[in-house]
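Notes follow the structure.
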Amino acid sequence: MVHVSRKEHFNAAHKLYNPVWSREKNEEVFGPCANENWHGHNFELIVTVKGLPDPDTGFVVDLKKLSRLIRQEICEKVDHRNLNVDVPFMAGKMASTENLAIEFWNILAAKLPSITRVGKLHSIKLYETPRNFVEYFGPQTA
């Protein structure tokens, strides 16, 4: 099995805030991330595709096509946006990095077959800061 990864970048704002809780409870749990005026991050997104190389191309996935897919389906929809209010696929969801990674998986897993015959989505790694990141390997079966 070969794992092929592509890194892309975007900037976005969000806040972590549970509307069921009081302002005090939100500040206690989320700290400055509950700031009513939002806060931003320089996100790094790494998408990994796995498979055996296609005998015709030697590729698991064409990285130019993967880059274009990520930019069109993800980056153009979130870059310089407020994740809580400007991004339809995040509507009604807590704008955590965890939930964002899951949504990215859902979008890319559906589109990946259009650019590869042999590759399958392996993971989404999303850096919120250089030291804080989430890695998602897709839905798990019990």
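Computed from the coordinates by the stated procedures, all read-outs in this text should not be read as laboratory data. From a predicted model like this one, the values you see are computed outputs, not experimental measurements. In this analysis, Cβ positions are derived from the backbone assuming ideal geometry, glycine residues included, and neighbour counts consider all displayed protein chains.
Per residue, the chain reaches -6500 deg cm²/dmol at 222 nm when only DSSP H runs of four or more residues are counted, each adding -39500 (n - 2.57). Once you reduce region 2-40 and region 111-136 to the center of their Cα atoms, the two points are 20 Å from each other.
Ordered by the number of other Cβ atoms lying within 10 Å of each residue's own Cβ, fewest first, Leu121, Leu52 fall into the sequence Leu52, Leu121. Using the Cα gyration tensor of region 1-47, with a ≥ b ≥ c the square roots of its eigenvalues, what is the shape: rounded (a/c below 1.5), prolate (a/b larger than b/c) or oblate (neither)? Judged from the Cα gyration tensor, region 1-47 comes out prolate (a/c at least 1.5, a/b above b/c).
Placing a label point 7 Å from the Cα of His39 along the Cα-to-Cβ direction, the residues of region 1-30 with a backbone N closer than 17 Å are 11-18, 23-30. At an R0 of 35 angstrom, the distance between the Cβ atoms of Arg71 and Ser22 translates into a FRET efficiency of 0.30. For region 2-136, relative contact order (Cα pairs under 8 Å, six or more residues apart, normalised by length) works out to 32 percent. When you work out D = kT/(6 pi eta Rh) for region 10-142 at 4 °C and 1.567 mPa s, using the Kirkwood radius from C-alpha pairs as Rh and the Stokes-Einstein form, the result is 81 µm²/s.
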